[in-house]
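Chemist: Before I ask anything, here is the structure I am working with.
Every number in this text was worked out from the coordinates using simple rules, so none of it is lab data. For clarity, every value in this text was computed on a predicted model and none was experimentally measured. No Cβ is skipped: glycine too gets one built from the backbone with ideal geometry, and neighbour counts run over all protein chains shown.
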Amino acid sequence: MRIGLIAPELPPDVGGMAEFSQGLALALATTSDVVLVTLPNHRLSTADFPQHAMMTGWLPRDTELLNGLAADHPMDAWLALNAGLAPLARRLDAPCLTFFMGNDFLNPWIPYGAGWLERFQRPYVAPLRYHLRRAAIRRALPDLCGLFSISHSTSRLMTQHLGVDPERIELHPPGVDDAFFQPGTADQDPTLRILTVARLSRYNPRKNVDGLLRALPLISSEIPWRYTVVGDGDDLPRLRTLARQLAIENRVVFRGGVDKADLLACYADADLFVLAARASDKDVEGFGIVYLEAAAAGVPALASRAGGATDAVVNGETGIVITESSPRAIADGIEHFVKNRQQITSKKVRDFAEQFRWTTIAGRVRNSVESYVTNRATVQVIDRVA
């Protein structure tokens with residue numbers, strides 16, 4: 001089966017959607033014929049399948065280019081990794097299936113459906129622009145062969161905001177790379193080693209790193225702790241200042257951006273991964289691949305119920321899920337973990353992560369694509385006979 005994979009978010013972009021696109025593309029390519037289409041200057045350096053940069057953000061031009069590509073590489077199906085690409089479906093020459101992540105339809109950034117408005121960049125125009133983009137996605141839903149959601153939370157948002165029939169939604173969560181499955185360290189240090197891995201952006205407040213910093217002084221003095229933050233971004237200076245203001249800078253380490261080897265070492269050294277996201281109407285944590293990375297290393301996680309984290313963390317078994325993301329709730333959650341940590345073993349956490357290996361996730365996605373394509377072909381043949 002040849003799958004045309006349309007992925008606007010790829011390296012050098014950072015973040016969950018880029019990680020998702022890269023992991024799925026590489027894993028799908030092990031069993032399927034993949035042709036990757038992405039933005040200019042985006043590509044996977046480790047991949048040996050065809051990669052094309054031809055997304056312009058203008059619907060007529062994009063469909064013309066995609067169908068021209070398909071003339072040389074006939075596609076059995078197109079798989080779009082952003083809900084904003086849904087309007088392409090009506091014009092493509094093969095069935096189109098689309099992943100819905102969360103923010104890609106709550107606050108869509110791909111301009112299909114509002115092209116004439118894109119030249120107006122005034123802040124007061126933004127709500128109208130986002131409304132028209134969401135409307136374009138809604139209009140495209142009947143043209144999609146399949147609708148894939150990355151979490152139960154995203155599925156509910158699809159029904160709530162787009163009016164999608166729940167029966168049409170198929171759940172396909174993100175995966176985790178095999179490299180993250182590693183044993184933890186046997187350090188006997190009584191200090192609780194807390195870790196967060198996140199992009200530190202002023203425009204991405206849902207990560208709630210500042211909430212965790214404010215929570216740390218509230219933890220019982222009987223619990224020694226050390227906090228490591230991995231990630232870079234324009235919010236890093238503010239977070240450093242906040243740590244100084246809270247008088248905890250001596251126990252907080254900001255690592256900035258790290259390579260994969262250092263990232264693996266940070267997970268291996270951690271006792272508890274914490275990302276207590278806070279959600280808004282236009283900004284949600286669709287799933288959280290970092291929870292899976294921690295779980296693969298045997299590290300329990302503390303997460304909030306906001307967004308899709310509840311698919312990645314099982315309360316009391318692979319971590320702690322708190323009902324809100326305030327500093328007090330985070331501090332209470334950390335204390336609860338310390339009191340009950342013997343019940344959340346590294347083996348139990350790793351065993352949970354096994355189901356999310358990319359090879360497994362990609363296999364399910366491939367089987368679903370094949371099923372949709374086969375069933376659609378059958379329906380078309382029956383219609384012609386009738």
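Chemist: Per-residue HN-Hα couplings for segment 59-75, Karplus 6.51 cos²θ - 1.76 cosθ + 1.60 at θ = phi - 60°, whole Hz, x for Gly and Pro?
Modeler: My calculation for segment 59-75 gives 3, x, 5, 5, 5, 4, 5, 5, 5, x, 5, 5, 5, 8, 10, x, 9 Hz in order.
Chemist: Can you give the convex hull volume per residue for the Cα atoms of the chain, as a whole number of Å³?
Modeler: 145
Chemist: Okay, next question. Mind giving me the FRET efficiency for residue 61 and residue 161? R0 is 41 Å, r the Cβ-Cβ distance, nearest 0.05 is fine.
Modeler: 0.90
Chemist: I would also like to ask the following. At residue 135 and residue 72, where each label point lies 7 Å from the Cα along Cα→Cβ, what is the point-to-point distance in nanometres?
Modeler: Distance between the two pseudo-spin positions: 3.8 nm.
Chemist: A further question on this structure: If the cut-off is a Cα-Cα distance under 20 Å, which aspartates and glutamates reach residue 348, setting aside same-chain residues fewer than 8 apart in sequence?
Modeler: Result set, ordered by chain and number: 177, 178, 187, 269, 271, 293, 311, 317.
Chemist: Also, I was wondering about something else. Full extension from residue 220 to residue 246: what is 0.36 nm times the residue separation minus their Cα-Cα distance, to one decimal in nm?
Modeler: Working: separation 26, 0.36 × 26 = 9.36 nm, distance 1.54 nm.
So the chain would gain 7.8 nm between residue 220 and residue 246.
Chemist: Let me ask something additional. What ratio of Cα Rg to 2.2 N^0.38 Å holds for segment 209-332?
Modeler: So segment 209-332 has a normalised radius of gyration of 1.03.
Chemist: Same structure again: What share of Cα pairs, in percent, lie more than 18 angstrom apart in segment 1-140?
Modeler: Taking all Cα-Cα pairs of segment 1-140, the fraction more than 18 Å apart is 54 percent.
Chemist: Turning to a different aspect of this structure: Could you compute how fast segment 1-60 diffuses translationally, taking Rh as the Kirkwood radius over C-alpha pairs and applying Stokes-Einstein at 10 °C with viscosity 1.306 mPa s? Give it in µm² per second.
Modeler: After rounding, the answer is 137 µm²/s.
Chemist: Now, a different point. Longest span of the chain, sites excluded, free of chymotrypsin sites (Phe, Trp or Tyr not before Pro) in DSSP loop with at most 14 other C-beta atoms within 10 Å? Mind showing how you got there, number by number?
Modeler: Details: sites that count: 58, 109, 120, 203.
It works out to 204-386.
Chemist: To the nearest 20 debye, what is the magnitude of the charge dipole of segment 151-304 about its Cα centre, counting +1 on the Cβ of each Lys and Arg and -1 on the Cβ of each Asp and Glu?
Modeler: 620
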